[in-house]
Amino acid sequence: MGTTLLFPSFYHALPKRVLVLCILCMLYTSALIHLLWLKRATLKITFWPAQLLLWIHLLFHLARIFLDNAVVSPLKGAIGGSSFSVYVILESILFVIGLTFTILAMVNERTQIAHKHASLHDPLTNVWNRRALLNEAENIISRCLRQQNPLQRCCSISIILKASTIALAIIRGIGC
């Protein structure tokens with residue numbers, strides 16, 4: 001109510017309000033894109049779906065500046081404002097639903113990575129456990145078979161890996 005007394009020309013000018021709203025939404029969305037881009041190195045998860053949704057949202061508001069004629073719709077009903085309001089409501093709903101599912105997928109991926117790390121490392125020393133060693137040995141053996149290297153080399157690498165991991169676990173266990 002106070003802003004309508006201070007700026008009555010702004011309150012009654014729908015094109016100005018649409019322009020200001022679009023610019024504010026674009027600034028906020030670009031800030032989110034920037035923050036997500038800065039955290040991409042620390043995020044051990046896929047972040048491009050969230051980036052894509054934010055860029056679509058930003059481009060929608062950029063397009064709205066040029067496509068929304070901001071003429072008050074003569075139709076009575078729940079959707080007030082211009083005729084472009086239907087697209088704004090639809091885009092907002094799809095954006096919120098898409099971002100919610102994207103965030104849930106990111107949390108799920110982060111949880112899966114944490115559980116995989118926990119299943120392959122000893123909780124006390126944070127050294128590979130037997131399952132991780134066997135997985136790595138299988139990878140080395142399959143790589144040697146693909147490269148047609150003698151299997152004896154692979155077995156010696158596996159023995160060295162096992163011995164060094166046991167030594168590292170003992171060192172870390174004593175250091176704790």
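Results for (1) touching a residue at least 12 places away in the same chain (Cβ under 8 Å); (2) in contact with a His (Cβ under 9 Å, 6 or more places away or on another chain); (3) within 14 Å of C22 (Cβ to Cβ), shown as yes or no for each residue.
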position	(1), (2), (3)
R40	no, no, no
F47	yes, no, no
I56	yes, no, no
L59	no, no, yes
L62	yes, no, yes
V72	yes, no, no
L99	yes, yes, no
V107	no, no, no
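Could you run through the stretch 97-134 and say how many residues are under 19 Å from C25 (Cβ atoms) and surrounded by fewer than 12 Cβ atoms within 10 Å (Cβ to Cβ)?
Residues flagged as under 19 Å from C25 (Cβ atoms) and surrounded by fewer than 12 Cβ atoms within 10 Å (Cβ to Cβ) within the stretch 97-134 amount to 2.
Cβ-Cβ below 6 Å, separation at least six or inter-chain, first residue in the stretch 115-138 and touching a residue at least 12 places away in the same chain (Cβ under 8 Å), second hydroxyl-bearing (S, T, Y): which pairs?
Matching pairs, first to second residue: V127/T165; W128/T165; A137/S158.
Pull up the stretch 47-70, narrow it to residues that are surrounded by 14 or more Cβ atoms within 10 Å (Cβ to Cβ) and in a loop (DSSP other than H, G, I, E, B), then point me to the one that is modelled with the lowest pLDDT.
The qualifying residue modelled with the lowest pLDDT is A70.
The values are calculated or read from the model by the stated rules, or taken from the named source; none is laboratory data. This is a predicted model, so every value here is computed, not measured. Ideal geometry is used to build each Cβ from the backbone, glycine not excepted, and the neighbour counts take in all protein chains shown.
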